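Take a look at the structure below.
Since every read-out is calculated from the coordinates, none of them should be taken as a lab result. Everything numeric here is computed off the predicted structure, so don't read it as measured data. A quick note on method: Cβ atoms are made from the backbone with ideal geometry, for glycine too, and the neighbour counts reach across all protein chains shown.
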Amino acid sequence: MQRGYAPFLYFVAVLGLEAAVQEECRIIEALQNKLTYQQRLQYMKHYFPINYTVNVQFEEVLRAANITRLRDQNVSEPSLRFLWFNVNTQVLLKIQAVLLEKHPAWEYTRDLGLLFEQLAEYENCEQNDINVCEVVEQVLSSDAGSSRKAVRPKALLDNCAKVMRMLYSESCK
Ligand SMILES: *[C@@H]1O[C@H](CO)[C@@H](O)[C@H](O)[C@H]1NC(C)=O
Ligand SMILES: *[C@@H]1O[C@H](CO)[C@@H](O)[C@H](O)[C@H]1NC(C)=O
Ligand SMILES: *[C@@H]1O[C@H](CO)[C@@H](O)[C@H](O)[C@H]1NC(C)=O
């Protein structure tokens, strides 16, 4: 390689990385605008029967406390975001599965799912975080016979919004 080439490549890589972070943050901002308390309340509570619950795997109940615990175990931030991304992609599929297309929450749930799809290329598991990567595998192979839990849809999206804030407020100011 010619001298003077490496800094140039480095410059291009940094530019590329910055563009990727900006794009990721743009999607996160769009998610944030769709996950306001008012919308979660309206679409995930008022439009559902009283005390309605969705069956999810235990690992799909990803709360702020889980993130705090995993951070204490030195799990990297990219892997935590990968976990959040995969858990909530599955959660949205499970909520959507109980809705008919004419249900007032159907479009809302689909729009959230589309934003998560856009996020896919920006989220990856770091190989060092083998435990977290394995949890994601388990969540994705949802028929692995893991225990189920009945959770209200609003509680699931409350977790989604809260954990998103924890994971992105630093990198996406
Ligand atoms: C809904 O759940 C609450 C407790 O969480 C209970 O007090 C209430 O009776 C339930 N309502 C219906 C209609 O099942
Ligand atoms: C989150 O914490 C609960 C217990 O509070 C646990 O059952 C669940 O497996 C944890 N999820 C992950 C992904 O660590
Ligand atoms: C996490 O990293 C800190 C600082 O590098 C270290 O002191 C601590 O023992 C680590 N904790 C675990 C659970 O590996």
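With a Förster radius of 22 Å, plug the Cβ-Cβ distance of Q127 and R69 into 1/(1 + (r/R0)^6) and report the FRET value to the nearest 0.05.
0.60
If the reach is capped at under 24 angstrom between alpha carbons, list the lysines near K149, excluding any in the same chain fewer than eight residues apart.
K45, K94, K162
Below 11 angstrom from the Cβ of S76, what's the summed charge of the other residues (Lys, Arg +1; Asp, Glu -1)?
Counting the neighbours of S76, the net charge comes to -1.
Apply the membrane-span-like helix rule to the chain: whole DSSP H runs, Cα extent along the own long axis of at least 24 Å, mean Kyte-Doolittle hydropathy at least 0.0. List the helices found.
5-34, 77-97
What net charge do the residues around K45 carry, taking every other residue with its C-beta under 11 Å from that of K45, with Lys and Arg at +1 and Asp and Glu at -1?
+2
Quick check: net charge around I27, other residues with Cβ under 13 Å of its Cβ, Lys/Arg +1 and Asp/Glu -1?
That works out to -4.
Could you list T109, T53, T36 in order of exposure, starting from the residue whose Cβ has the fewest other Cβ atoms within 10 Å?
Arranged by neighbour count, lowest to highest, T109, T53, T36 become T36, T53, T109.
Can you compute the FRET efficiency between I50 and L114 using 1/(1 + (r/R0)^6), with r the Cβ-Cβ distance and R0 = 35 Å? Round to the nearest 0.05.
Efficiency for this residue pair is about 0.75.
Run the quick spin-label model on E23 and Q38: label points 7 Å from Cα toward the beta carbon, then report their separation in nm to one decimal.
3.2 nm
Looking at the chain, which Cys residues are left with no other cysteine's beta carbon under 4.7 Å from theirs?
Result for the chain is C160, no neighbouring Cys Cβ within the cutoff.
Hey, fewest Cβ within 10 Å first, where do E170, E23 land in order?
By the 10 Å Cβ count, ascending, the order reads E170, E23.
Give the order of V136, V151 when sorted by the count of other beta carbons within 10 angstrom, beginning with the fewest.
If I rank by nearby Cβ atoms, fewest first, I get V151, V136.
Quick one: compute a quarter of the convex hull surface over the Cα atoms of the range 2-168 and quote it in nm².
11.5 nm²
Hand me the trypsin sites (Lys or Arg not before Pro) from the range 55-108 located in a DSSP loop with no more than 16 other Cβ atoms within 10 Å, in residue order please.
Taking the range 55-108 and a limit of 16 other Cβ atoms within 10 Å, the loop trypsin sites (Lys or Arg not before Pro) found are R63, K102.
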